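Structure first, commentary second.
The values are calculated or read from the model by the stated rules, or taken from the named source; none is laboratory data. On a predicted model such as this, the values are computed, not experimentally measured, just so you know. All Cβ positions, even for glycine, are placed from backbone atoms using ideal geometry, and neighbour counts span all protein chains on display.
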Amino acid sequence: MLKLFYITKDPAVARIAQAAGVDRIFVDMEYIGKAQRQGGMDTVQNHHTVEDVARLRPVLDQAELLVRVNPVHPGSKEEIDRVIAAGPYKADWGSLSRHATPGWYQDAKLGIFIHWGIYSVPGYHNEWYSRAMYDPKTPSYRYHVAHYGKPDQFGYKDFIPMFKGEKFDPAAWAKLFCAAGAQYVMPVAEHHDGFAMYQTDFNRWNSVEMGPHQDVLGRLKSACQGEIGRASCRERV
């Protein structure tokens, strides 16, 4: 079963997508850039404007050329809904406000936060490279053009095969964290580039199917829990 995705919080964008006859559109701005000679992100985004999508309406019939499709596994949403229904919290602030911050988080004196992902390949400026490299006003854009070429010729997705993680040693990381005195570890599971550092059925752009071809978060979590006793995955989407 295949559906088209467009991640958005804008109801106007959602109405345009619905009028175009798709459920949700997941736009690959890299292809759109090649088709219309304009730059853009080639990763999952949540900040495209109404004008972006309105401009695509004439070409949505060619979605197989301009839009990425992700498999949607039957029952996935139902499984999520089931877990939420069985859990202690509901989707409202009143329920969430009853959550108590864990004592270990309040009392721990040192924790390790990790940013490691596709953006580590260029290793320039910060983890927002995936966005800045498409903006001609930024140093990241100029760096990218100088080292890799124009973004419509070498897009962010082209870094994925270069992100091999061949020296990734979660056990060594965990030992180092423990030796440093860390009492918890928080790796970013998925940054705004939309590349998941874990195994998932919802996003084929992940570290198991591409890049390192390993469950980076799963392995790191196991190693840290063995050495430190607690590992928390921080997801940013």
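When you check Leu217 against the structure, is it over 21 Å from the mean Cα position of the chain (by Cα), without any contact (Cβ under 8 Å) to a residue 40 or more places away in the chain and not in a loop (DSSP other than H, G, I, E, B), yes or no? It is false that Leu217 is over 21 Å from the mean Cα position of the chain (by Cα), without any contact (Cβ under 8 Å) to a residue 40 or more places away in the chain and not in a loop (DSSP other than H, G, I, E, B). If we scan the stretch 174-182, do we find a residue that is within 21 Å of the chain's Cα centre (by Cα), surrounded by fewer than 12 Cβ atoms within 10 Å (Cβ to Cβ) and not in a helix (DSSP H, G or I)? No, every residue in the stretch 174-182 fails to be within 21 Å of the chain's Cα centre (by Cα), surrounded by fewer than 12 Cβ atoms within 10 Å (Cβ to Cβ) and not in a helix (DSSP H, G or I). Within the stretch 94-113, residues that are over 17 Å from Ala180 (Cα atoms) and polar (S, T, N, Q) sit with their Cβ atoms under 9 Å from residues that are modelled with pLDDT under 90 and exposed (fewer than 10 other Cβ atoms within 10 Å of the Cβ), at 6+ positions apart or across chains, in these pairs: Ser95/Pro88.
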